[in-house]
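Scroll down for the structure; my scribbles are underneath it.
The values are calculated or read from the model by the stated rules, or taken from the named source; none is laboratory data. Keep in mind it's a predicted model, so treat the numbers as computed, not measured. FYI the Cβ positions are ideal-geometry reconstructions off the backbone, even for glycines, and counts take in every protein chain you see. For accessibility, only protein heavy atoms count, side chains too; no ligands or nucleic acids. Shrake-Rupley method; radii C 1.70, N 1.55, O 1.52, S 1.80 Å.
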Amino acid sequence: MAVVSKLNNLVELAKEKSSERRRALLREVTDLFFDEPPARDTSVSQRFEDVLTSLAEQTAEEARVELSERFAETDMAPKGLVLKLAQDAIEVAAPILAKSSVLEEQDLIEIAETGQQTHLKAISQRDSVSERVSDTIVRRGDDHTVASLIRNEGAQISRQTFEVVSERAETSPVLQEPMVERADTPNDLLADLMLTVENNLRERIVERFDQVDPKVIEHAMAASRARLASRLEEDRELEEARKQIQGLKLRKQLDGAQLARLLRERQLMTFYVGFSEMTGVDIVAARRAIEQDCVDPLALICKAAGFDKALFVTLAVLRGAANAEAFSDAKELGRLYERITLEDAERAMRFWRLRRDVAA
């Protein structure tokens, strides 16, 4: 019996109302498709697509999940059915979104433009993700979805998208580790992250840099500093702050007590310039050490500059609101500072000083 005749007989049986019978029919039609796959873009393939899509719409989610799993890994799957399954509930859509080769780049982009985070995350896990699809996922995805994409070495990431993720990672620990661990993260963006991440990730960056030509690292540091400093240079307070710090230096009044006063009084730009002057890091590094949640960079900079524990703890506490809760953390901050060795501090400072020196 010809395949079309078999299919038509099954369709006649589909008039039954029983959901269990419909599910069984869906399996039978699917089996028939795989037993005798029709040539693509023929009347037979279109008939299969119509019947499968119609039956899928009338069956429970569990049956559609089974259908999705069977069609996810065949390039003979009917395109209309695949698109329908790809936009279903995530339990149904996930196998198709993650594996189907029938979905083309534009299909994935359109689904990513309108889909839920779960759908974007499934797309992010495909063996291969194009730059355009990655761009869409980063633009629409939350940090966990974007982290899934960055962890996927089969995802192609454009330079512009890398920069967007790097900037988001400044305030998102969820994105920091994937960016540091990804093999093709640009060196200058890793240099940006050195100012933000905790010590264990900073050490991973340093280890990577140790394997790279020093000239390449110097170029990366220069690019990082130029990009981040361009944001800061727009601040009108900067020049006035520089003049104020120079005046304090001439009067020999630039010391730890002065830094603490500036930070306490929220004269932040003047503090950044003064902290930069006293520690040997550039102003961007000084600013990030104060503004970010992670206290590790501030501790490393203070340790390398020879600041005593009391000054570090004072600056660490004054970064936020100096309330009772903040001061209760002082003992733990002091213990953290004592655990950092001068060797640890100097290892990180080697690169922060390079950032400063490439601009000189």
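Other residues with beta-carbon under 12 Å from the beta-carbon of Asp293 carry, at +1 per Lys or Arg and -1 per Asp or Glu, a net charge of -2.
By accessible area of protein heavy atoms, probe 1.4 Å, what ranking do Ser158, Ser54 get, highest first? Don't skip to the end; give the middle numbers.
Values: Ser158 20, Ser54 50 Å².
Ranked list, largest accessible area first: Ser54, Ser158.
The residues packed around Glu61, meaning those with a beta-carbon under 12 Å from its beta-carbon, carry a net charge of -3 if Lys and Arg are +1 and Asp and Glu are -1.
Size descriptors for the chain: radius of gyration and Dmax over Cα atoms are 29.2, 102 Å.
Note on the chain: helix-only mean residue ellipticity at 222 nm, from DSSP H runs of 4+ residues weighted -39500 (n - 2.57) and normalised by residue number, equals -22000 deg cm²/dmol. Estimated from the Cβ-Cβ distance and a Förster radius of 56 angstrom, the FRET efficiency linking Glu167 and Leu342 is about 0.95. Roughly how tilted is helix 19-35, in degrees to the nearest 10 and between 0 and 90, from the longest Cα axis of the chain? Between the helix axis and the principal axis of the chain, the angle is about 90 degrees. For the chain, the longest principal axis of the C-alpha atoms and the axis of helix 43-57 are separated by about 70°.
In degrees, nearest 10, range 0 to 90: what is the angle between the Cα axis of helix 237-250 and the longest Cα principal axis of the chain? Relative to the chain, helix 237-250 is tipped by roughly 30 degrees. Carbon and sulfur: what percent of the chain's accessible surface (1.4 Å probe)? Carbon and sulfur together cover 48 percent of it. Using bins of 5 Å that start at zero, the share of Cα-Cα pairs per bin across the range 35-155 amounts to 2, 13, 22, 22, 18, 12, 7, 3, 1, in whole %.
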